[in-house]
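Beneath this line is the structure, given in structure tokens, with notes to follow.
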Amino acid sequence: MMKEAIDLKYSSTRGKAEICDSAEAIIKGLAADGGLFVPKAFPQVSLQDIEAMVPLSYEERAVKVLSLFLTDYTKEEVAGCVSRAYGSGKFDTERRAPVNSMGDFHVLELWHGPTSAFKDMALQLLPQLLSTALPKCQVQDQVLILVATSGDTGKAALEGFADVEQTRIMVFYPQDGVSRIQQLQMLTQQGGNVKVMAVQGNFDDAQSGVKAIFSDEEFARTLAEKGVRLSSANSINWGRLVPQIVYYFSAYADLLAEGAIKAGDEIDFTVPTGNFGDILAAYYAKRMGLPVHKLICASNANNVLTEFLRTGIYDRQRDFFKTITPSMDILISSNLERLLYHVTEDSAKVAGWMKELAGQGSYEVDKETLKAIQELFWADWVSDTETKAEIDAVYRKHKYVMDTHTAVAAKVAEKYAEANPKDKCPMVIVSTASPYKFNGSVLEALGAETEGLDEFQLLDKLHEVSGQAIPQGLAKLRHAEVLHQGSCRAGEMKDTVLEFAAGKVF
């Protein structure tokens with residue numbers, strides 16, 4: 001039997017916020033001192049516990065893992081949240097997050113949910129966790145969810161929170177920084193409590209604007225007078241991160257079931273990485289006892305993480321590139337702060353680095369911290385040209401069509417294998433989006449003619465080339481009405497939030 005964590009508490013990475021239960025951490029999203037909530041301890045999972053997951057459904061595996069962290073929720077509450085998140089035909093496979101083989105690698109497919117991206121794995125669950133937390137904490141205010149998105153988080157959050165009682169959700173996205181399919185997914189979102197706004201800038205402008213709003217105490221008081229409080233659906237929210245831990249355990253259990261590994265064998269994960277939340281969840285799984293050997297961080301031309309993991313220097317003062325992997329077009333990886341805290345266990349040091357990042361645009365960790373990180377993490381990056389070549393090569397060899405982000409991970413996994421020939425651990429590539437979400441780039445990589453085709457003709461063309469079914473949620477966009485319009489400068493975001501918060505319909 002899996003041991004239950006006893007009354008697990010949460011504190012801030014920066015050390016000056018109050019200690020709280022998971023429900024309160026999920027409602028708040030961001031700690032009062034500007035830091036991120038982290039668990040005070042890592043629940044431990046034995047090899048026997050992992051083996052016991054093999055015959056279980058994804059939902060059953062999720063309840064076991066989540067209950068270790070959400071100790072102020074009852075088992076029945078966790079099970080109810082999980083059932084509502086992953087049931088009711090929302091996912092196109094009973095396995096929810098299946099593992100498939102592709103040559104020497106395994107692929108963990110996280111895009112079988114309603115928006116065809118890995119964010120569904122967390123953002124179908126977060127609204128359920130939040131709505132369950134509100135009465136626990138005796139919160140009667142309306143909760144306004146603020147989201148900055150580089151593409152996938154926005155739609156997944158909108159889909160999850162649409163018409164959820166006692167909530168409103170407002171999503172900011174970079175005006176020219178998402179794919180047309182991603183944009184249409186957001187702009188056609190239905191729901192009486194949703195709002196979508198383009199930001200004239202890149203993702204970091206949108207994310208920094210949201211963070212500034214969260215840290216503005218006077219603004220919080222203004223909202224409180226209206227009976228509104230802020231929370232986040234970005235991966236800075238613990239309720240977004242904790243569901244992601246589940247699929248790493250689930251992947252291992254599936255590999256055991258297939259006979260691809262034996263109990264106790266270590267495996268590697270390569271993760272396409274932007275905001276560092278997905279790969280951080282794998283780190284949590286490792287700390288809990290999952291046999292993970294190496295975590296490979298895959299980046300595009302915005303390779304700030306590659307440089308950091310190699311040198312210990314984090315410098316966001318660099319050219320920003322718009323790539324064919326827009327969900328990774330990020331220069332400020334928020335969740336890295338959590339890793340720094342867990343490695344150093346020194347909140348003052350972490351707060352200092354974050355202050356340097358905010359004020360000077362860069363920081364450098366000490367050699368001891370870098371060494372500890374490099375023992376588990378490895379990093380590399382690939383160009384758009386390499387990404388397209390990888391999509392084509394994998395399709396020709398395996399008849400498997402990858403999206404652009406997955407292709408980044410696949411190519412970096414190959415680079416890792418070449419650089420580390422002694423590592424014989426099975427490699428799992430984390431696939432974060434359906435190829436249909438980035439159909440134009442995928443078709444170009446496959447050498448298909450795309451000139452003059454609109455987004456929906458591209459969907460049809462990719463279906464013709466790949467033979468894979470078009471995800472239902474994307475097919476519906478063909479006739480969906482655009483319901484959200486408008487844009488603002490980063491400096492105007494606060495005003496648009498206040499206007500939305502003042503709306504009478506909740």
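Just so it is clear, none of the values below were taken in a lab; they were calculated from the coordinates. Quantities reported herein were computed from a predicted structural model and do not represent experimental measurements. Counting neighbours? That spans all protein chains shown, and the Cβs are built from the backbone with ideal geometry, glycine included.
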| said: Helix-only mean residue ellipticity at 222 nm, the chain, DSSP H runs n ≥ 4 weighted -39,500 (n - 2.57), per residue, nearest 500. What is it? | reply: -13000 deg cm²/dmol
| task | Express the relative contact order of the chain as a whole percentage, based on alpha carbon pairs under 8 Å and six or more residues apart in sequence. | result | 19 percent
| field | Dipole magnitude (debye, nearest 20) for the stretch 116-241, charges at Cβ of Lys, Arg, Asp, Glu | value | 180 debye
| query | Taking the alpha-carbon set of the stretch 4-130, what are its Rg and Dmax in Å? | reply | 16.3, 49
| Near the amide H of T270, under 5 Å away, which other amide H atoms are found, from residues 5 or more places off or on another chain, if H is placed in the peptide plane? | I296, V428, I429, V430
| said: Around C425, under 9 Å between beta carbons, what's the net of Lys plus Arg minus Asp minus Glu among the other residues? | reply: -2
| Gyration tensor verdict on the stretch 293-420 (Cα atoms; rounded if a/c is under 1.5, prolate if a/b is larger than b/c, oblate otherwise) | prolate
| field | Derived scalar couplings ³J(HN,Hα) [the stretch 121-134; Karplus, 6.51 cos²θ - 1.76 cosθ + 1.60; whole Hz; x for Gly, Pro] | value | 4, 9, 8, 7, 8, 3, x, 5, 5, 5, 5, 6, 6, 4
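For the stretch 390-464, how big is Rg over Rh, using alpha carbon atoms and the Kirkwood form of Rh?
Numbers: Rg = 14.2 Å, Rh = 13.4 Å.
Ratio of gyration radius to Kirkwood radius for the stretch 390-464: 1.07.
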| remark: note: the stretch 23-87, Cα-Cα separations exceeding 14 Å make up a percent value of 65 percent
| query | Considering the dipole of the chain built from charges on the beta carbon (Lys and Arg +1, Asp and Glu -1) around the Cα centre, which of S116, A251, H463 is farthest to its positive end? | reply | A251
| Calculated P(r) tail over 17 Å for the stretch 240-300, as whole % of Cα pairs | 37 percent
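Assuming a viscosity of 0.890 mPa s and a temperature of 25 °C, what translational diffusion coefficient in µm² per second does Stokes-Einstein assign to the stretch 125-226, Rh being the Kirkwood radius over Cα pairs?
On the way: Rh = 14.3 Å.
The Stokes-Einstein estimate is 171 µm²/s.
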| Residue pairs, from the table K90/K415; K64/K367; K155/K286; K195/K476; K40/K226, whose Cα atoms sit over 31 Å apart | K90/K415; K64/K367; K40/K226
| Cα shape, the stretch 293-363, gyration tensor, a/c 1.5 rule | oblate
| task | With no solvent and one equal point scatterer placed on each C-alpha of the stretch 345-486, evaluate the Debye formula and give log10 I(q)/I(0) for q = 0.13, 0.18, 0.22 Å⁻¹, two decimals. | result | -0.79, -1.01, -1.28
| remark: HN-Hα couplings for the stretch 215-230 via Karplus (6.51, -1.76, 1.60; θ = phi - 60°), in whole Hz with x for Gly/Pro, come out as 8, 8, 5, 5, 5, 4, 5, 4, 5, 4, 5, 9, x, 10, 10, 8
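Restricting things to alpha carbons, find the Rg to Rh ratio for the stretch 70-189 using the Kirkwood radius for Rh. Don't skip to the end; give the middle numbers.
Details: Rg = 15.9 Å, Rh = 15.7 Å.
Rounded to two decimals, Rg/Rh equals 1.01.
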| said: With Rg and Dmax of the Cα atoms in Å as the read-out, I listed [x] 21.2, 62; [y] 23.5, 85; [z] 34.3, 110; which label goes with the value calculated from this structure? | reply: [x]
| remark: Note, the stretch 416-423: 3J(HN,Hα) by Karplus (6.51, -1.76, 1.60, θ = phi - 60°), whole Hz, Gly/Pro = x, goes 5, 4, 5, 7, 10, x, 7, 7
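Working from the pairwise distances between different alpha carbons, so that the mean of 1/r is found and then inverted, what is the stretch 436-506's Kirkwood radius in Å?
Details: mean 1/r = 0.0659 Å⁻¹.
Averaging 1/r across every pair of different Cα atoms and inverting gives 15.2 Å.
Please state, rounded to one decimal and in Å, the Kirkwood hydrodynamic radius that the stretch 231-360 gives when every pair of distinct Cα atoms enters the mean of 1/r.
It works out to 16.0 Å.
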| request: Using only the alpha-carbon atoms of the stretch 183-289, report the extent along each of the three principal axes, biggest first, to the nearest angstrom. | output: 57, 32, 27
| task | Report the trypsin sites (Lys or Arg not before Pro) located in the stretch 399-438 that are in a DSSP loop and have at most 16 other Cβ atoms inside 10 Å of their Cβ, or state none. | result | K399, K422, K424
